Amino acid sequence: MTLTFRGALAPDEVLLAALDTIPGLVGSARVAERWADESALPGMTVGGLTRHLVSQAETAVEFLGFGGVPPHAVQVDLTGLYARTDWLLAGRDAPENTSIRDEFNAMAAIGPDACREVLAQTRAALPSLLAGAGPAVYVPWQDCVLATADFAVCRALEVVVHADDLAASVDLPALEFPTVVVDPVVATLAVLGARRHGTTGMLRALARSERALATDGLSAFG
């Protein structure tokens, strides 16, 4: 089965709605106060996690701004993208993951005010880039091509997951994202979780609590 949202949703609606949900959290006094503290993600500071969350808008601006697709690049769906992602199956302490953690901890040195400004500036640049985007986006990290709608879902997924991480890190309520964001994100996580751990466990976790297996091991991202 191909997991794609091509033709099923508007990329701008998904991505912009996701980003428009997070400024209050990113700019909260609680986040600023705990900037140097460890977040809910071991080894990553609250500042580093916030910087990683904000970087999803930066990544969208960068990739949408490439303006072309290399002729050699392979077109993949969302499961194909994550199959090419080195950090997904690597352990928490593997270099593929610690390098991300360390990079954003260092990038958090700009401080909370500058981080909020990065989010505002990149969010402001996205509507025109999305309006001018073609049907596909090149993803250089995995050297592949995604439907633009799938690229928007991928970035929205990162926003939703890391916004929850950040809220949990500073003891704030989880954000409520619009349905246009939540539905494709949850669908993607469910499929990835089933691919990683098997259909039976995921099916029971979602549909049959009386037969559900322990859910601690059913995370799509380990």
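Here are a few things to note about the model shown:
- Helices (runs of 4 or more DSSP H) within the stretch 139-207 that include 1 or more residues acidic (D, E) and touching a residue at least 24 places away in the same chain (Cβ under 8 Å): 148-169
- Among residues of the stretch 168-202, those that are surrounded by 18 or more Cβ atoms within 10 Å (Cβ to Cβ), more than 16 Å from A149 (Cα to Cα) and at pLDDT 95 or above, counted: 3
- Selection from the stretch 131-154 of residues that are closer than 21 Å to F177 by Cα and either surrounded by fewer than 21 Cβ atoms within 10 Å (Cβ to Cβ) or touching a strand residue (DSSP E or B) at 6+ places or on another chain (Cβ under 6 Å) (or both): T148, F151
- Applying the set (1) modelled with pLDDT of 95 or more; (2) under 17 Å from Q142 (Cα atoms) to A17 leaves exactly one unmet item: (2).
- Matching helices (runs of 4 or more DSSP H) fully within the stretch 29-125 where at least 1 residues are more than 15 Å from the chain's Cα centre (by Cα) and at pLDDT 95 or above: 29-33, 46-64, 95-107
- Among residues of the stretch 25-47, those that are more than 13 Å from A114 (Cα to Cα), among the small types (G, A, S) and crowded, with 21+ Cβ neighbours inside 10 Å, counted: 1
- Options T21, T2, T79: the member that is in contact (Cβ under 8 Å) with a residue 60 or more places away in the chain, of a type outside the set (A, V, I, L, M), surrounded by 14 or more Cβ atoms within 10 Å (Cβ to Cβ) and touching a Ser or Thr at 6+ places or on another chain (Cβ under 9 Å): T79
- Sole residue being within 18 Å of V54 (Cβ to Cβ) and of a type in the set (G, A, S), chosen from A163, A149: A163
- In the stretch 92-108 there is no residue that is surrounded by fewer than 16 Cβ atoms within 10 Å (Cβ to Cβ), under 17 Å from L15 (Cα atoms) and not polar (S, T, N, Q).
The values are calculated or read from the model by the stated rules, or taken from the named source; none is laboratory data. Everything numeric in this text was worked out from a predicted model, so none of it was measured. For neighbour counting, all protein chains shown are included, and Cβ atoms are generated from backbone atoms with ideal geometry for every residue, glycine included.
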